[in-house]
Amino acid sequence: MGVALPLRRVSVRSEPAARVWLWVTTMTHLFCSCASWRKMARQLVGEVRPRAKERDVAVTLTADRPLHVAGDPVLLRHLLTNLLHNAVQYNRPGGTVSLRLDGRTLTVANTGEPVRPDQVAGLFEPFRRLGQDRTGTTGHGLGLSIARSITTAHGARITTHPGDDGGLTVSVTFNDS
């Protein structure tokens with residue numbers, strides 16, 4: 001059964017990557033079902049594993065219990081897809097990606113190149129990548145910008161911090177549904 005869910009308005013001036021999605025979702029109330037993060041996470045981890053294997057990156061999922069989040073299932077899937085793809089793409093050979101669902105929070109961490117704390121905020125800007133090594137990869141530098149827009153539209157909070165030995169940890173915390 002679905003729930004009527006008003007998604008929050010997000011400034012499209014500061015977040016153009018999700019302009020079309022957010023225009024549609026903020027102008028109306030969506031009728032959608034609750035998304036089971038555990039089921040979606042298992043499916044997406046399975047989808048990203050071939051690419052991870054090509055890059056010699058191990059992917060793990062820890063989800064002890066289902067996490068249900070009221071929201072647009074398509075946008076929530078895009079959110080998790082973007083986070084997982086970034087974690088694999090911006091990793092190192094022999095690295096790891098871990099996806100953890102815990103309470104109202106999902107966390108994606110990788111073991112990529114070191115990121116200085118002062119560089120983290122800029123990663124959420126559209127078309128922003130770190131260093132020369134990121135300019136030759138696929139994609140357009142929109143993943144984290146889109147993730148932030150989707151998170152904000154769902155009334156959730158996204159936080160990011162550099163890993164101790166490189167890479168990033170991105171956490172999305174949802175309010176009670």
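Amide H to amide H under 5 Å from Val59: which residues, 5+ apart in sequence or cross-chain, H placed 1.01 Å off N in plane?
The answer is Val97.
With all protein chains present, calculate the accessible area of Thr62 using a 1.4 Å probe and round the result to the nearest 10 Å².
60
Counting only heavy atoms of protein chains, what accessible area per residue, in Å², does segment 51-129 have with a probe of 1.4 Å?
Each residue of segment 51-129 exposes 49 Å² on average to a 1.4 Å probe.
Taking the Cα of His161, stepping 7 Å toward and past its beta carbon, and measuring to each backbone N in segment 70-107: which are under 13 Å?
Those under the cut-off are none; the list is empty.
When the Karplus curve 6.51 cos²θ - 1.76 cosθ + 1.60 is applied with θ = phi - 60°, which whole-Hz ³J(HN,Hα) does each residue of segment 109-117 get, with x for Gly and Pro?
Along segment 109-117, the couplings run 10, 9, 10, x, 5, x, 10, 6, x Hz.
Could you tell me the calculated FRET efficiency between Gln119 and Ser36, based on Cβ-Cβ distance and R0 = 25 angstrom, to the nearest 0.05?
In this case the efficiency is close to 0.15.
For segment 48-58, just list the computed ³J(HN,Hα) in residue order, Karplus coefficients 6.51, -1.76 and 1.60, θ = phi - 60°, integers in Hz, with x standing in for Gly and Pro.
Those phi angles translate into 8, 4, x, 5, 5, 5, 4, 9, 6, 10, 8 Hz.
The values are calculated or read from the model by the stated rules, or taken from the named source; none is laboratory data. These figures come from a predicted structure and were not determined experimentally. Note that we place each Cβ from the backbone using ideal geometry, even for glycine, and neighbour counts take in every protein chain shown. Ligands, DNA and RNA are stripped out before the accessible areas are found, and what is left, the full protein with its side chains, is counted by its heavy atoms. Shrake-Rupley method; radii C 1.70, N 1.55, O 1.52, S 1.80 Å.
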